[in-house]
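Below is one structure; the comments refer to it alone.
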Amino acid sequence: VFYEVVQSFPRVEENVLMASHVSSHRWRRHSESFKSVDTNRASMGQDSAEPGGFTDLLLEEGHGNATQIEEDTDHNYYTSRTYGPYDSTSRDLWVNIDQMEKDKVKIHGILSNTHRQAARVNLSFDFPFYGHFLREITVATGGFIYTGEVVHRMLTATQYIAPLMANFDPSVSRNSTVRYFDNGTALVVQWDHVHLQDNYNLGSFTFQATLLNDGRIIFGYKEIPVAVTQISSTNHPVKVGLSDAFVVVHRIQQIPNVRRRTIYEYHRVELQMSKITNLSAVEMIPLPTCLQFTSCGPCVTAQIGFNCSWCSKLQRCSSGFDRHRQDWVDSGCPEESKDKICEKNIDTTETPPYSITTLLPTTTKFRVLTTTRGSTTSHLPTSLPTEDDTKIALHLKDNGASTDDSAAEKKGGTLHAGLIVGILVLVLIVAAAILVTVYMYHHPTSAASLFFIERRPSRWPAMKFRRGSGHPAYAEVEPVGEKEGFIVSEQC
């Protein structure tokens, strides 16, 4: 599925090559051995502590005896809670935009009257998403928010916040709008009375996504006329959840000024669509990540479920899988992180801002997108690419996503290979010289010995002889070892 982007949107990547299949990669968040659980399935766990309240926008959350949490699922980076239609919490989590300040509620004119369109929205606060702080997002008509920095046309593939991603078309009804509201601590994006483009008769959908400055994400559903599982995904993906990825840039040596971008999806949250009904809600609470630590000691001693490592060159704590993956590899941080030794005394006084909970390892699936950008400025395409534009761009290994060797690693490998070859050549030359010398010493009359003897500079003076015929003869004489006799070269 390809999305058009508002023309004022900078740096739009046109040529996106999607991997034809998904490869799984198993990894552990913690060194301890826990029970394995599938990412896409729910696992019942203990309730974690509640982050700060949503004071200016949402009512105070009241978890009384009537509260029924249908699902409490751990997704490594987030803990999701699903509230049913009969739970008072689901109604409290819904934000009534009509009661907000009129000057702060904005109706996006382009998104409200187009199909498969996306536009940028600036945030008035830093929103933490998978541990990264965002100030810009991209709102799409298809019921989701794109969070990536590299903008391309396949926005539905990864790096999204999707309360209900589907083939919505706000242009088919005058009552359909895409609205958003920002009060400085939270952003609410609402898809209001939108219809499915390929099945208008199913009715209108009204739902919203709320992004809070403490990292919480709330999906609210007011009007869901049919079961989400019945929505067709033939013409558009149907997703409910989160996704994030890292981007790796590769230079193409054969073509100057052209770079290939590969997008690796390192984590995805998939919520159960059967739980999405009228008046339901989903609250996703962020779990602590390695990126929150700013010094070596707390980083390497953190017990948050991730294998955190410190990179002194970048002054950054990471598990190796986040949006800064390319900088982490190019700076040699994977090699440095093996030691896990800080240069200074370990300081463990720093505490994580979130509550620490025991988590289960999951199966992480990597998906790959590849984009190619030339030296010229990209223009918005006027037609959809053909099937010939789709190619396989898979760069995965058994131990994780391969981001290709960095320039430093390639250079180091070349130097090591050249040094080994040079040493071997030198050893062969020395061995050959020794063998020739030994042979010449034991065979002084051989052709090789005579060849070198005849060309040696003379250390004996020239002698003049006369023969009986009276013709002069000049000869250079030189002793041969300790034996008697001379070798005489005569010129007449």
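The values are calculated or read from the model by the stated rules, or taken from the named source; none is laboratory data. Please read these numbers as outputs of a predicted model, since none were measured by experiment. Positions of Cβ are generated from backbone atoms using ideal geometry, with glycine treated the same way; all protein chains shown enter the neighbour counts. SASA here: full protein model, heavy atoms, side chains in, ligands and nucleic acids out. Shrake-Rupley method; radii C 1.70, N 1.55, O 1.52, S 1.80 Å.
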Within segment 266-285, the residues that are of a type in the set (Ser, Thr, Tyr), within 13 Å of VAL226 (Cα to Cα) and modelled with pLDDT of 95 or more are THR277
I need the full set of residues from segment 131-142 which are buried (at least 24 other Cβ atoms within 10 Å of the Cβ) and in a loop (DSSP other than H, G, I, E, B), in order please. THR141, GLY142
Taking into account only those residues within segment 73-115 that are of a type in the set (Lys, Arg) and out of contact with any Asp or Glu (no Cβ under 6 Å at 6 or more places or on another chain), which is least open to solvent (accessible area, probe 1.4 Å)? LYS104
Could you check, for segment 266-286, whether at least one of its residues is open to solvent by less than 40 Å² (accessible area, probe 1.4 Å) and basic (Lys, Arg)? no
The residue that is modelled with the lowest pLDDT, considering only those in segment 421-437 that are under 44 Å from the mean Cα position of the chain (by Cα), among the aliphatic types (A, V, I, L, M) and open to solvent by less than 100 Å² (accessible area, probe 1.4 Å), is VAL421
By residue number, the members of segment 229-255 that are farther than 25 Å from ASP126 by Cα and surrounded by 20 or more Cβ atoms within 10 Å (Cβ to Cβ) are ILE231, HIS236, VAL238, LYS239
Does TYR221 satisfy being closer than 22 Å to TYR180 by Cβ and buried (at least 23 other Cβ atoms within 10 Å of the Cβ)? yes
Extreme residue, nearest to the chain's Cα centre (by Cα), among residues of segment 72-90 that are over 28 Å from HIS132 (Cα atoms) and assigned to a loop (DSSP other than H, G, I, E, B): GLY84
For LYS102, only one of the following conditions fails: (1) assigned to a loop (DSSP other than H, G, I, E, B); (2) in contact (Cβ under 8 Å) with a residue 40 or more places away in the chain. What is its number? (2)
So TYR180 fits all but one of (1) open to solvent by less than 10 Å² (accessible area, probe 1.4 Å); (2) within 19 Å of GLU136 (Cβ to Cβ); (3) in a strand (DSSP E or B); what number is the exception? (1)
When you go through (1) within 27 Å of SER90 (Cα to Cα); (2) acidic (Asp, Glu); (3) open to solvent by 10 Å² or more (accessible area, probe 1.4 Å) one by one for ASP198, which number turns out not to apply? (1)
